[in-house]
Structure formats: structure tokens, C-alpha cells
Amino acid sequence: MKMTTKGRYAVMAMADLAKYSDNRPVSLADIASRQEISLSYLEQLFARLRRGGLVKSVRGPGGGYLLARALEETRISDIIFAVDEPLSVTRCKSDSPNGCMSDGTRCLTHDLWDELGHQIQLYLSSVSLEDIMERRVRRSAPIDVGYDAGQQKKEHAFDVAD
């Protein structure tokens, strides 16, 4: 899966909005400046986020955008879907019953990539803007790579000491 700037920038902008709004509208120009994102690109993204019910616009002097939902109710997957970011990892077209092979069948690894896409979707659905703001998305444990890393270090340290 290749996530485009559309999804990444939408999440960055929503996190910025969450951080700086303090119940006051935030201008897109301010978000664009802080996040180093083109203002015209943000305008396109926020039109979609507004249609998706994730932000509210406030017109006039001092206007801008506010979050439409509480931080804990705003899922990262909602943001990504609102800007039409596909989460498919397979080569197959999501709206087609056919596979990606020239004869219309699925490739041998289709189920692997399809399940990976599903896991990514589950993860992004489990993370809220509140989790990002509270820094609760950091990995807390090392990745299990199929061996005991601590044991490996002990053995290595023992070998070096001899």
C-alpha cells in the first residue's frame, strides 16, 4: 500500500487543528504554515473533511475551522476515508470481482495483501486523534523477530568475553 500525501496531510492537518484550536477557529493559512503544506491543497482536503462531518467551518474575521467531533471520537481511518484515500494493498480494483491477473484470476498472494489491508484498516480504526495528541501510539515493546533478542545479546556478550 502506498498512502498518498492526501491521507498523510489530512491527518497532519487534523492533528494541528486539535492542538491549536482551543475552542477557537484555526485558519488554514496557519495550519499550512506550521505543517508546511500548500494552502490550496489544504483547502481541497478541508472541503472533503467538512463534507465528511469531521470539521466545521466558521466564516468571517477570525474564522477558520473547528473539529466537529470530540478527539476520542475522531478515528484516523475516518480522516483518511473522508479524503478518499484508498487503503487497498492488492493490485486488484476494489470495485471489481476480477483479480489482477490478465486472465481475470487473483494472484497467488492476493489473500496475503488483502488481509494486510484489512489489518491496516483495523489499526487506523483503533487510533483516535486523542491517541495522537496524548502520544499513545508509540510502540511500547520491541518487535518479535522470532528469537529471544535478550538471549541473543547474552550469548553474543558471552562469546565476546571469552
Dividing the convex hull volume of the Cα atoms of the range 1-67 by its residue count, what figure in Å³ per residue is obtained? 84 Å³
Please arrange E130, E36 by how many other C-beta atoms lie within 10 Å of their C-beta, fewest to most. E36, E130
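For the range 1-138, what does the alpha-carbon gyration tensor say about shape, rounded, prolate or oblate, given a ≥ b ≥ c as the root eigenvalues, a/c under 1.5 as rounded, and a/b over b/c as prolate? Let's see the in-between values first.
Working: a/c = 2.84, a/b = 2.06, b/c = 1.38.
Prolate, since a/c reaches 1.5 and a/b exceeds b/c.
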From phi via Karplus (6.51, -1.76, 1.60), per-residue ³J(HN,Hα) for the range 75-84 in Hz, x at Gly/Pro: 7, 4, 4, 4, 5, 5, 5, 4, 9, 6
R0 of 41 Å, Cβ-Cβ distance S102-R69: FRET efficiency to nearest 0.05: 0.40
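Determine the gain in length on full extension of the stretch L116-S57; use 0.36 nm per residue of separation and subtract their C-alpha separation, reporting nm with one decimal. Don't skip to the end; give the middle numbers.
Working: separation 59, 0.36 × 59 = 21.24 nm, distance 3.56 nm.
Stretched fully, the L116-S57 segment lengthens by 17.7 nm.
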Positive-end residue, the range 39-86 charge dipole about Cα centroid, Cβ charges, pick of I80, F46, G64: G64
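FYI, it's all coordinate maths here, none of it is from the lab. Because the structure is predicted, anything quoted here is derived from the model rather than measured. Using ideal geometry, Cβ is built from the backbone for each residue, glycine included, and neighbour counts are taken over all protein chains shown.
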